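**Q** Provided herewith is a single structure, encoded as structure tokens, for subsequent inquiry.
Derivation of every value follows stated rules applied to the coordinates shown; laboratory data play no part. Predicted model, so just to flag it, every value in this text is computed and none were measured. Cβ sites come from the backbone with ideal geometry, for glycine too, and all protein chains shown count toward neighbours.
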2 protein chains.
Amino acid sequence: MAAAKSKPNPIPSVWARPQREPDQPALSRDVIVREAIAMLDAEGIEALSMRKLGARLNAGATSLYRHVATKDELMELALDAVAAEIHVPPSDSPDWRAAVTEAAHSFRATALRHPWLSSVLGQAGLAYLGPNLMAFSERLASLFIAVGFPDPSGAIDAVLSYTIGMSTTEAAWLSTVARSGETEAEFINRLLPAAQQAAADHDHLADSYREAAVRTADPVKLRDDKFAYALEIVLDGLALRLPD
Amino acid sequence: MAAAKSKPNPIPSVWARPQREPDQPALSRDVIVREAIAMLDAEGIEALSMRKLGARLNAGATSLYRHVATKDELMELALDAVAAEIHVPPSDSPDWRAAVTEAAHSFRATALRHPWLSSVLGQAGLAYLGPNLMAFSERLASLFIAVGFPDPSGAIDAVLSYTIGMSTTEAAWLSTVARSGETEAEFINRLLPAAQQAAADHDHLADSYREAAVRTADPVKLRDDKFAYALEIVLDGLALRLPD
DNA sequence: TTGCGATGCGAACACTGTACGCACAGCGGA
DNA sequence: TCCGCTGTGCGTACAGTGTTCGCATCGCAA
């Protein structure tokens with residue numbers, strides 16, 4: 001007889017009243033954002049609805065609106081919360097290439113851990129900066145300034161845009177793979193025949209697909225290597241801009 | 001008495017029957033996609049609904065499903081249709097830097113002309129390639145191969161990812177500006193005070209905002225220059241990989 | 001003329017984000 | 001002890017969404 005948590009209770013009796021058992025540590029902006037992120041990670045961006053999120057918190061959907069103005073705002077909060085996971089080495093790092101490389105890899109890792117992030121970035125962009133995104137930008141800026149680039153913002157544009165572009169493309173790919181319910185290798189093998197046929201009269205594309213067909217063994221490492229390799233290209237371009 | 005286009009007509013009389021005036025060249029996948037793109041360009045991605053699109057075509061919402069399996073598929077078709085606008089110079093271009101630069105600028109211009117594109121890219125990615133996207137990839141590949149890069153796919157990754165990252169970020173920014181109903185300069189000036197206050201204890205960010213406050217005169221040119229500058233960095237990195 | 005496959009569409013379903021207003025908890029002051 | 005106030009939860013409702021289903025109607029082939 002312990003239950004009867006939140007059923008509608010038309011009987012005006014004090015004894016039947018729900019008594020509001022504090023099963024959750026109450027509702028707050030923080031737990032809402034945290035649980036939203038958990039849901040986004042687990043089920044993807046289109047699976048998140050205010051009602052489902054409320055249910056997960058043992059609350060009604062509209063209760064969330066006491067702590068969050070709108071769903072878009074919630075997404076911005078989630079974006080900023082996740083931005084805290086990106087690690088940027090301190091500006092006095094001895095090896096600037098290693099430092100920038102680590103920052104880029106950390107960004108990518110975060111984007112792949114939360115593939116919905118690329119969708120949010122595509123819509124909201126980096127216009128409204130939350131505290132964590134600001135801190136990220138600041139650390140990145142101080143790193144590039146400390147290195148001594150003559151035009152730090154241009155340098156940041158190059159490496160950050162490359163990182164964003166590569167990461168969001170990968171994240172979108174991983175999302176489609178996840179929606180299929182297969183492993184990445186399975187998904188590739190199922191898609192390759194169609195892709196090869198579609199690329200029949202595109203010589204170079206057909207070549208690259210043929211090549212890809214061979215290396216389906218470890219797609220994760222392949223993506224890692226691709227990212228690292230092209231990042232080196234960008235860093236080489238940066239190095240040329242460095243004085244002396 | 002010419003009107004009475006598509007009102008419900010309960011009278012079972014031959015003379016009152018609508019007669020199906022062919023005001024539109026009928027419904028077809030092509031006109032649906034074309035009109036969807038027009039709507040996306042004019043009112044943004046969240047303003048497009050199947051019902052509104054149907055209404056624009058003097059058709060019911062559900063009629064569209066005879067030509068398009070789902071809204072997601074429609075978005076993929078729109079993405080591919082728009083990809084046809086990207087211009088990639090022929091592979092026998094004398095100046096490879098100029099050729100790649102033109103391709104990148106054309107990509108960016110297309111992305112900025114259709115800002116919803118960045119949202120679609122963030123969700124669908126480049127996984128399922130339509131014919132136009134395939135042709136784009138093929139032309140890009142043949143260009144890089146003709147130049148003689150030892151690892152063309154790595155080179156493509158570098159410049160294309162940079163271009164995608166920069167363009168989608170800009171497009172997202174332009175979308176937020178458009179939603180505000182203001183010009184870009186107005187929007188910046190309205191936002192700057194808040195941004196500067198929020199960046200109070202981030203020295204380098206505060207600096208860059210102070211700098212930005214001065215140059216609100218021609219934001220378009222400023223973005224153009226930023227894109228071109230960081231692209232040069234990437235191209236410099238590429239040039240190092242070129243034999244002899 | 002008959003039949004058939006393709007096309008349009010109204011109604012309906014299961015959802016969505018969110019506004020509104022009521023119910024109640026805790027609390028500071030009378 | 002009672003009052004009112006403020007902050008929180010939530011049931012209901014509204015306008016809208018993507019999509020399915022089955023029926024009506026069309027042009028065309030037999």
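**Q** Compute the distance from the alpha-carbon center of the stretch A:121-190 to that of the stretch B:37-60, in whole Å.
**A** 31 Å
**Q** Please give the net charge around residue A:123, taking every other residue with its beta carbon less than 14 angstrom from that of residue A:123, where Lys and Arg add +1 and Asp and Glu add -1.
**A** -4
**Q** Hey, another quick one. Label the stretch B:191-244 by shape, choosing from rounded, prolate and oblate, from the square roots a ≥ b ≥ c of the eigenvalues of the Cα gyration tensor; if a/c is under 1.5 it is rounded, and otherwise prolate applies when a/b is larger than b/c, oblate when it is not.
**A** The shape class here is oblate.
**Q** Dividing the Cα convex hull volume of chain A by residue count, how many Å³ per residue is that?
**A** 188 Å³
**Q** Copy-to-copy spacing for residue A:65, label 7 Å out on the Cα-to-C-beta vector, in nm, shortest first?
**A** Those separations, rounded to one decimal, come out as 2.9 nm.
**Q** Still on this structure: For the protein assembly as shown, take the alpha-carbon Rg, divide it by the Kirkwood Rh, and send me Rg/Rh.
**A** 1.02
**Q** In a Debye calculation with equal point scatterers on the alpha-carbon sites of the stretch A:55-169 and no solvent, what is log10 I(q)/I(0) at q = 0.22 Å⁻¹?
**A** The computed values of log10 I(q)/I(0) come out as -1.26.
**Q** So, in nm, how far is label residue B:241 from label residue A:62 when the simple model puts each one 7 Å beyond its Cα toward the Cβ?
**A** If labels sit at residue B:241 and residue A:62, their model points lie 5.7 nm apart.
**Q** What does the copy distance list look like for residue B:192, label position 7 Å along Cα→Cβ, in nm and ordered from shortest?
**A** Ordered by distance, the counterparts are at 5.6 nm.
**Q** Once you have the Kirkwood Rh of the stretch A:29-68 from its Cα pairs, apply Stokes-Einstein at 37 °C and 0.692 mPa s and quote D in µm²/s.
**A** 331 µm²/s
**Q** Measuring from a point 7 Å out along Cα→Cβ, what nm distances, shortest first, does residue B:90 have to its partners in the other copies?
**A** 5.8
**Q** Near residue A:28, within a Cβ-to-Cβ distance under 12 Å, what is the net charge of the other residues, with Lys and Arg +1 and Asp and Glu -1?
**A** Neighbour charge sum, excluding residue A:28 itself: +1.
**Q** Can you compute the modelled spin-label distance between residue A:49 and residue A:26, with each label point 7 Å from Cα toward Cβ, in nm?
**A** 3.0 nm
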